[in-house]
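The values are calculated or read from the model by the stated rules, or taken from the named source; none is laboratory data. In this text, all values refer to a predicted model and were calculated from it rather than measured experimentally. Virtual Cβ from ideal backbone geometry, glycine too; neighbours counted across all protein chains shown.
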Amino acid sequence: MAKIEIRNVSKDFENNNGTILHAVKNVSLTVNDGEVVVIIGPSGSGKSTLLRTVNGLETAQSGSILIDGIDIMDKDTDIRQVREEVGMVFQSFNLFPHLSVLDNITLAPMKVRKMSRNEAEDKAMDLLAMVGLADKAHQKPTQLSGGQQQRVAIVRALAMEPKAMLFDEPTSALDPEMIKEVLDVMLKLAKSGMTMLLVTHEMGFARAAADKVVFMADGEVVESGTPEEMFANPKTQRAKDFLNHIL
Amino acid sequence: MVKDTIKQPPTLPKTEGELMEIRNKVVSNPFHTTKKEPTVISMTDGVLIPKKGNKHLVTSWRLTFFGAVVVLVCLCVFDPDTYWKIFKYTITGIPTTFECTIFAILGAVLIGTITGVGSSSKNRVVNQICGIYVELIRGIPLLVQLMFLYYALGSLIHIEGIVAAIIALSICFGAYMGEIIRAGIQSIPKGQVEAATALGLSKSQTFFSVILPQTIKVVLPAIGNEFISMLKDSSLVSILALSDILKRGREYISRTFLSLQTMLVVALIYLILTLILSRLVGFMEERLHKNG
């Protein structure tokens, strides 16, 4: 398992009209081995941007991000090797529509890890059985429900045997009755000791599984603490307002 | 009596349907509740491609196709001295026409893929080069380009006429094909690239395993359409002394001075060919959709 250290990371975006948007301002955050850290906060607070800097989908302007001690912002670091070790699950699933569920899962292990097809497929079937979707292996993603698609997306990331997992609002695009099936899988994963960094609005999940909750607003970490502390008595007014709104 | 009617409170229409009924009585122009589908205007150079669901188009396709066949057959049967002879003479141009069309479309797809990838690349130099190529080709008439490239190629390297014509056609159509493929690539959601990147796939792996297969599906119908256009525009190579259908027709005219009759036969041959092709493209599209 891996340790993710985010140190003084800042990320700006330039708008079309030339104005600069400070999406993430000088944020530091540590996820220890096997820890589950949940980032919460209002939309536009830079949560997703921060998460995306961790596997290099966004490049931060300053600061450093260390995964198992390797600085991914160092020019000499091969970012692709880091990405192999850090799985990511997206809000919109992003499954490959032209491939079957099984091929979606085996693509990266075969291309990147150079696994044989048999080996990759065996592994994929095991993982699919774990999330209860073994019978869907040969269907196309579009034939599955949203919850099923997201579970396949989690399996796709797990097939690379990552040391850490990033979740970018994994349940936000789902119908209420499908959220549970995805959260159950994530909970199972958290209990198995996976290092996880999540952006989510599922406070129930944060309560049940998180070791630490981080509240972000306007690109900054306003407050962080254990779920009990955060939800019972938030210290800052900003966090109080947000939690009142959402709970 | 009058009092009674006045005392009666007016019954208000309750349902939407009742309201509509009243409205339709009052207003001469009936009010449509059904939402209008947004109109999509698609302009293609090739003939329209009829699909099963499109009854109107299938009917007009049938009428045109069988009409053309009947006219051609009648002409050949009832005046074999003129038309059968013309037909026999011009039909020998079909191999050349097809050779040009098929090889040029392959060349155009190849050039188009390179240009399409180039113009959707983030590299500014590559992007500019592709942009200039597309602008150049689109701004010059096809006939002028063909002649220019033919003579330019001829003065640089000694190649057969048909090869030069195919290269010239490929370059001309490659620009349009490039635009089609660029649009196809850009229609693939950004999340697809992100997902592949996050899984650790390299740029080329992402392109060949994720982007390209999805792009092909999107652009195939448009390429089919270009194929039909290419069949028609290949007639331009007749000016390059290649004996395609049109050139054979012109040769026949210069011998017999039967201009109108010959051109009629040439037109009918082209019409029948393009109509057959459009139907084939339609079938291909349907199969593609069925396979998901």
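For the range B:108-148, how many residues are within 20 Å of the chain's Cα centre (by Cα) and under 22 Å from residue B:203 (Cα atoms)?
Of the residues in that region, 7 qualify.
Each row is one residue, and each column tells you yes or no for (1) at pLDDT 95 or above; (2) buried (at least 23 other Cβ atoms within 10 Å of the Cβ).
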site: A:73; (1), (2): no, no
site: A:76; (1), (2): no, no
site: A:79; (1), (2): no, no
site: A:82; (1), (2): no, no
site: A:86; (1), (2): no, yes
site: A:91; (1), (2): no, no
site: A:101; (1), (2): yes, yes
site: A:104; (1), (2): yes, yes
site: A:112; (1), (2): no, no
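Could you list, in sequence order, the residues of the range A:198-245 that are assigned to a strand (DSSP E or B) and of a type in the set (Phe, Trp, Tyr)?
Result: A:215, single match.
Which of the helices (runs of 4 or more DSSP H) contained wholly in the range A:36-144 include at least 2 residues that are farther than 29 Å from residue A:230 by Cα and more than 10 Å from every other protein chain (Cβ to nearest Cβ)?
It comes to A:101-111, A:117-130.
Each row is one residue, and each column tells you yes or no for (1) closer than 26 Å to residue B:285 by Cβ; (2) at pLDDT 90 or above; (3) small (Gly, Ala, Ser).
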position	(1), (2), (3)
B:173	yes, yes, no
B:216	yes, no, no
B:232	yes, yes, no
B:249	no, yes, yes
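Return the only residue of A:171, A:142 being free of Cβ contacts under 8 Å to residues at least 60 places away in the same chain and either over 15 Å from the mean Cα position of the chain (by Cα) or loosely packed, with under 15 Cβ neighbours inside 10 Å (or both).
Just a single option satisfies the conditions, and that option is A:142.
With the requirement that a residue be buried (at least 21 other Cβ atoms within 10 Å of the Cβ) and of a type in the set (S, T, N, Q), what does the range A:50-71 give you?
Of everything in the range A:50-71, those that are buried (at least 21 other Cβ atoms within 10 Å of the Cβ) and of a type in the set (S, T, N, Q) turn out to be A:53, A:55.
Give, as residue ranges, the helices (runs of 4 or more DSSP H) completely inside the range B:167-256 that count at least 2 residues that are buried (at least 20 other Cβ atoms within 10 Å of the Cβ), more than 14 Å from chain A (Cβ to nearest Cβ) and in contact with a Phe, Trp or Tyr (Cβ under 9 Å, 6 or more places away or on another chain).
Those helices (runs of 4 or more DSSP H) span B:212-233, B:245-256.
Kindly provide the set of residues from the range A:5-23 that are farther than 11 Å from residue A:63 by Cα and either in contact with a helix residue (DSSP H, G or I) (Cβ under 7 Å, 6 or more places away or on another chain) or not in a strand (DSSP E or B) (or both), ordered by number.
Answer for the range A:5-23, where residues must be farther than 11 Å from residue A:63 by Cα and either in contact with a helix residue (DSSP H, G or I) (Cβ under 7 Å, 6 or more places away or on another chain) or not in a strand (DSSP E or B) (or both): A:15, A:16, A:17, A:18, A:19, A:23.
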